[in-house]
1. Using label points projected 7 Å from each Cα along Cα→Cβ, tell me how many nm separate Arg142 and Gln445, to one decimal.
2. Can you tell me which lysines have their Cα less than 17 Å from the Cα of Lys209? Leave out same-chain residues fewer than eight positions away.
3. Residues in the range 152-188 near a label at Ala70, defined as backbone nitrogen under 16 Å from the 7 Å Cα→Cβ point?
4. Students often check this: by mean Cβ neighbours within 10 Å, which of 435-445, 296-306 ranks highest, and how do the rest follow?
5. When the Debye formula is applied to the Cα atoms of the chain, each taken as the same point scatterer, what base-10 log of I(q)/I(0) results at q = 0.08, 0.11, 0.14 Å⁻¹?
6. For the residue pair Arg165 and Thr44, what label-to-label distance in nm results when each label sits 7 Å from Cα along the Cα-to-beta-carbon direction?
7. Taking every pair of Cα atoms in the range 69-110, average 1/r, invert it to obtain the Kirkwood radius, and report Rg/Rh to two decimals.
8. Once amide H atoms are built 1.01 Å from N in the peptide plane, which residues 5 or more positions from Phe245, or in another chain, come under 5 Å H to H?
Amino acid sequence: MWTRLIRDIAAMTTAETQPAGDALLATRLRNAQPALWINTARQTLPAAALPALGKSISLDDTKAAAARLARFAGLLAEVFPELLAADGVVESHLLPAAALQPALGMADNQGRLFIKADHSLPVAGSIKARGGMHEVLEFAERLALQHGLVEPGVDYRALATSQARAVLSRYQVAVGSTGNLGLSIGVVASVLGFKATVHMSADAKEWKKDRLRQCGVQVVEHAGDYERAVAAGRAEAAADPLCHFVDDEQSFSLLLGYSAAALHLQRQLAEQGVAVDAEHPLIVYLPCGVGGAPAGITFGLRQVLGPHVHCFFAEPVQSPCFMVQMMAGQGEHPSVYDWGLTNRTEADGLAVPRASLLAAELMRPLLSGVFTVADDTLFAQLVQVLDALGERIEPSAAAGFSGPALLTGTTAGQAWLRATGVGAALPQATHLVWTTGGLLVPDAQYQGFVQRGRAVLAARG
Ligand SMILES: *Cc1c(COP(=O)(O)O)cnc(C)c1O
């Protein structure tokens with residue numbers, strides 16, 4: 001069934017045994033073939049406060065973001081019926097996924113597989129619920145305190161009243177998005193009473209635009225890619241003092257909202273008896289678009305779990321913006337077009353031509369590596385996740401599933417396993433694939449994904 005992926009990996013193995021490994025990695029990248037890049041600048045014990053874009057952030061900032069989300073939980077449970085049962089906490093399950101291991105080619109002695117199920121995050125249906133909600137709530141909190149609508153730090157349910165909404169309705173929240181960030185920001189902003197505008201790139205799916213319009217969100221369609229949509233939104237917002245622009249390329253609030261996931265995951269790992277130490281390394285595979293979500297989570301995880309958590313980002317072969325950024329020198333900001341790639345992928349949440357410099361700078365000492373995945377593999381693995389676990393994920397959310405086989409089956413991966421000592425501990429290791437979206441995908445769309453995935457699996461024999 002997996003012969004094609006295994007053939008791809010075998011090709012990579014031969015490629016990377018050559019002495020000119022960097023040149024061959026570059027060739028694979030340019031040819032849109034799956035590739036693995038290892039970060040030699042990763043630090044075992046990075047500083048507690050890390051610089052990025054002229055500021056510096058630490059675990060205190062992650063804790064402040066988590067505390068802010070907690071302050072809003074009462075309000076969220078009131079305005080989103082789907083959050084009532086969870087008391088307003090927007091979180092996902094940590095799911096054991098041993099049943100999927102055979103399909104991924106993972107042998108019994110290569111560790112245990114888990115899924116962090118952000119594909120089922122309520123309200124926004126993707127990982128964007130974490131960062132997007134946090135930034136809108138931070139803006140709402142600032143205005144609410146400024147206008148005396150709430151007392152600092154107490155229950156914010158007063159924001160659900162019509163008086164409070166009338167105040168917030170004078171303000172606007174705007175964002176540029178390939179789809180999912182717009183969904184998250186738009187839904188939360190409009191429920192709080194804000195005017196909301198989402199600038200959508202050409203690759204954004206029709207159903208996402210429809211859903212936003214149904215929530216009263218203004219959707220502005222752009223002919224260009226994600227970068228163009230962001231630039232248009234940023235320019236429009238700059239001209240309006242009552243407009244807050246959520247800047248996916250450089251927002252600390254978004255990134256810290258994502259990072260709060262680490263505190264919750266730490267508790268979930270403890271609850272399931274998963275240790276993280278030298279004998280029990282944790283390897284995390286995170287789908288990457290502009291880089292804010294996986295960088296926020298990696299930042300949080302490295303702070304709370306220490307040196308034995310290893311984070312890898314996963315990108316489509318046509319949109320490896322984070323990989324080319326990490327391979328470039330300081331001061332450079334390459335795009336995937338510079339590499340002759342198209343940025344065309346069905347993984348719409350990851351269709352980004354140029355990485356966030358905030359995320360890239362922050363990841364230099366923290367990240368273990370970046371790998372790329374062909375779209376066909378995303379669809380095949382989406383089906384394998386359905387068949388083995390009964391979970392519905394979108395193509396972007398499948399990007400992490402190639403990770404374990406790349407580490408164990410390629411020369412570059414094996415060299416990394418040896419150099420870090422993770423290889424010796426692999427039988428007791430935990431692999432955690434972050435599944436980042438899917439809940440809101442309409443059934444007809446999802447059935448199309450499954451059909452394509454089954455066709456890929458059949459062709460691979
Ligand atoms: C946005 C997104 C990501 C990646 O987040 P970035 O902050 O863009 O790197 C991953 N998966 C899905 C489904 C997304 O929508």
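Throughout, read-outs are computed from the coordinates displayed, never taken from laboratory work. Predicted model, so just to flag it, every value in this text is computed and none were measured. Because the Cβ atoms are built from the backbone with ideal geometry, glycine has one as well, and the counts that use them run over all protein chains shown.
1. Between Arg142 and Gln445, the label points sit 3.1 nm apart.
2. Candidates past the 8-residue exclusion: Lys128, Lys195.
3. 153-156
4. In descending order of packing, they fall as 296-306, 435-445.
5. Treating every Cα as an identical point scatterer, log10 I(q)/I(0) equals -0.42, -0.82, -1.37.
6. 5.7
7. With Rh from the inverse mean 1/r over Cα pairs, Rg/Rh is 1.37.
8. It is Ala174, by chain and number.
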